[in-house]
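Structure first, then comments.
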Amino acid sequence: MELPAYRPPSEAYSLLVRATRNCPWNKCAFCAMYRGKQFSLRTVEEVKEDIITARQLWERVKKVSLSLGLEGRVNHLVRSRVIQESGTDIASFPWLYRENLTAFIADSNSLAMPAKDLAEVVRFLRATFPEVIRVTSYARAKTLLRRTPEELKTLRETGLDRLHVGLETGDDQLLALIRKGATASEMAAAGRKAKEAGFEFSMYVILGLGGKQLWQQHAIGTAEVLNAVDPHFIRLRTLMIQPGTLLEELQAKGEFHPSTPVEIFQEEKLLLERLEVTSHFVSDHISNYLALDGKLPDDKEALLSNLNAVLEQLILYPQAATNLLQPEHLRTL
Ligand code: SF4
C-alpha cells in the first residue's frame with residue numbers, strides 16, 4: 001500500500017489513498033514538500049488495489065476486535081493481537097481506531113488526474129468502504145479552473161465532499177513573488193466554482209508570508225479573496241522558512257525580512273477584522289503561535305479579543321515573543 005507523505009492536519013485520522021505522486025506544479029517559493037520529486041499519475045488499478053488492501057486490513061482488525069469482545073472498537077489489545085497474528089503494526093494506521101471513518105485522496109493535487117479516473121477512484125472507495133462519512137482532497141486553484149462544471153459536478157456526485165486549496169495570500173504582488181501560479185481573481189473564481197459544484201471548500205492562508213514589507217497588503221488582499229469566496233473553512237498556518245526554498249535564498253540575500261511574532265499577530269488581527277464571511281476560522285497547524293477555532297461572524301469578537309490579549313502580553317513582555325521564535329516552542333505545541 002503506497003502512502004502519501006503529507007495530508008492536512010484535519011485529515012490526520014483519515015484513511016489515506018494515494019492517487020497521484022508529488023506535485024505537478026512544484027514551484028512555490030516557500031514549499032519544500034516535493035522538491036526534487038517528479039509528479040506522476042498512478043493508474044486507477046493501482047489505487048484500487050491499495051483500497052482493497054486497506055479494506056482487508058480493516059476486516060482483519062475488526063474480526064480481532066470482535067473476538068476480544070470489543071464490538072469492533074480498536075485499542076492496544078487489538079493492536080498486540082494483530083501484530084502477533086500478522087506482524088502488521090496498525091499504530092501507523094490511525095484511521096483504524098476511528099469510529100467515524102473519513103478518507104483523504106493524496107497527493108498535492110488529485111484533480112490533476114483525468115476527471116473520469118478520479119471519479120472512478122472515489123466511486124470505488126465509496127463502494128469498498130460504505131462506512132466512510134467524508135472524502136476530501138487537495139486541489140490547485142488553476143487545475144480546478146480547468147475542470148468543467150460537469151466534471152466537478154460528477155466528482156461531487158460520486159462522493160468527493162471537500163476540496164482543500166492553498167490560497168496562501170490574496171495579494172497579487174505576493175502571489176507572483178511566491179510563484180503560486182495563480183492570481184487573486186483566479187483563486188476567487190476557483191473557490192466560487194467549487195462551491196457552485198457543491199463542494200465544501202477549505203482555503204489555507206500562510207501568516208507571515210509577506211514578511212515585514214508586505215504584511216498589510218497580504219492581510220488585506222487575502223481578506224478580499226476570502227470574502228469573495230466565503231469558503232466553509234479558513235485554515236491558517238504560519239510561515240516557517242524551509243531549507244532549499246527560494247524564500248530561504250531571498251532571506252539570505254536580504255530581500256525577504258521575516259515578520260516577528262508581534263507582527264504576525266497584527267497581521268492575523270487585520271485579516272480577521274476585514275473578513276465578512278460565514279466560514280469556520282481555524283488555526284490547526286503546528287506552525288501557529290496560537291490555536292484559534294471559531295465560526296464567523298458569530299465568534300469574530302471573541303477571536304479578536306483572544307488575539308488582542310496575546311498581543312498585549314507580547315508587547316508588555318518582549319522576551320515572551322523571543323521565546324516564540326524558538327523551535328522548542330513549535331515542537332511542544
Ligand atoms: S502547489 Fe502546493 S505542494 Fe505544490 S509547490 Fe505549491 S505549495 Fe507545494
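Please give the length that would be gained between Glu301 and Lys63 if that part of the chain were fully extended, namely 0.36 nm times their separation in residues minus their C-alpha to C-alpha distance (nm, one decimal).
Details: separation 238, 0.36 × 238 = 85.68 nm, distance 4.92 nm.
Full extension from Glu301 to Lys63 adds 80.8 nm.
Over the Cα atoms of the chain, what Rg and Dmax result, in angstrom?
For the chain, the Cα radius of gyration and maximum Cα-Cα distance read 21.1, 63 Å.
Can you tell me the order of 246-256, 223-233 when each peptide is scored by its average per-residue count of other Cβ atoms within 10 angstrom, highest first? Don't jump to the answer; show the numbers that get you there.
Working: 246-256: 14.8, 223-233: 20.7.
In descending order of packing, they fall as 223-233, 246-256.
Please label the shape of region 97-142 as rounded, prolate or oblate, based on the square roots a ≥ b ≥ c of the eigenvalues of the alpha-carbon gyration tensor (a/c under 1.5 means rounded; beyond that, a/b larger than b/c means prolate, else oblate).
Working: a/c = 3.33, a/b = 1.58, b/c = 2.10.
Verdict is oblate for region 97-142.
Under a point spin-label approximation (7 Å from Cα along Cα-to-Cβ), what is the Gln319-Thr278 distance to one decimal in nm?
Spacing of the two 7 Å Cα→Cβ label points: 4.8 nm.
Which of rounded, prolate or oblate describes region 216-263 when judged by the alpha-carbon gyration tensor and an a/c cut-off of 1.5?
On the way: a/c = 2.45, a/b = 2.10, b/c = 1.17.
Prolate.
Rank-order 295-308, 131-144 by packing density, defined as the average count of other C-beta atoms within 10 Å over each peptide's residues, highest first. Don't skip to the answer; put the middle values down first.
Values: 295-308: 14.4, 131-144: 21.4.
Top to bottom by mean Cβ count within 10 Å: 131-144, 295-308.
With each run of n ≥ 4 DSSP H residues scored as -39500 (n - 2.57), what mean residue ellipticity at 222 nm is computed for the chain after dividing by its residue count and rounding to the nearest 500 deg cm²/dmol?
Values: 13 runs with 154 residues, N = 333.
Counting only the DSSP helices, I get -14500 deg cm²/dmol.
What is the helix-to-structure angle for 115-128, meaning the angle in degrees between its Cα long axis and the longest Cα principal axis of the chain, kept from 0 to 90 and rounded to the nearest 10?
50 degrees
Projected onto the charge dipole of the chain (+1 at Lys/Arg Cβ, -1 at Asp/Glu Cβ, origin at the Cα centre), which of Gly210, Thr43, Ser185 gives the Cα projection farthest towards the positive end?
The Cα lying farthest towards the positive end belongs to Thr43.
How about Lys116: which lysines have a C-alpha closer than 23 Å to its C-alpha, ignoring those fewer than 8 places off in the same chain?
Cross-link targets: Lys48, Lys142, Lys153, Lys193, Lys195.
Do any cysteines of the chain lack a neighbour Cys whose Cβ is under 4.7 Å away, and which are they?
Cys23
Given the C-alpha centroids of region 23-94 and region 166-180, what is the distance between them in whole angstrom?
Answer, in whole Å: 34.
Given a cut-off of under 8 Å on Cα pairs at least six residues apart, what relative contact order in percent is computed for region 161-333?
Numbers: 284 pairs, mean separation 35.0, N = 173.
After rounding, I find 20 percent.
Per residue, what accessible area does region 161-333 have, given a 1.4 Å probe and all protein chains present, in Å²?
Working: 7600 Å² over 173 residues.
In whole numbers, region 161-333 has 44 Å² accessible per residue.
Going by a ≥ b ≥ c, the root eigenvalues of the Cα gyration tensor, does region 161-333 fall in the rounded group (a/c under 1.5), the prolate group (a/b larger than b/c) or the oblate group? Don't jump to the answer; show the numbers that get you there.
Numbers: a/c = 1.83, a/b = 1.23, b/c = 1.48.
The shape class here is oblate.
Counting only other residues whose beta carbon sits under 12 Å from that of Trp58, what net charge do I get with K and R as +1, D and E as -1? Walk me through the intermediate numbers first.
Values: positive: Arg55, Arg60, Lys62, Lys63, Arg98; negative: Glu59, Glu131.
Its environment carries a net charge of +3.
What lysines sit close enough to Lys62 to cross-link, taking a C-alpha to C-alpha distance under 19 Å and skipping anything fewer than 8 places away on the same chain?
Filter leaves no residues.
The values are calculated or read from the model by the stated rules, or taken from the named source; none is laboratory data. Keep in mind it's a predicted model, so treat the numbers as computed, not measured. Please note: Cβ atoms are built from the backbone with ideal geometry, for glycine as well, and neighbour counts cover all protein chains shown. These accessible areas exclude ligands, DNA and RNA; they are computed on the full protein's heavy atoms, side chains included. Shrake-Rupley method; radii C 1.70, N 1.55, O 1.52, S 1.80 Å.
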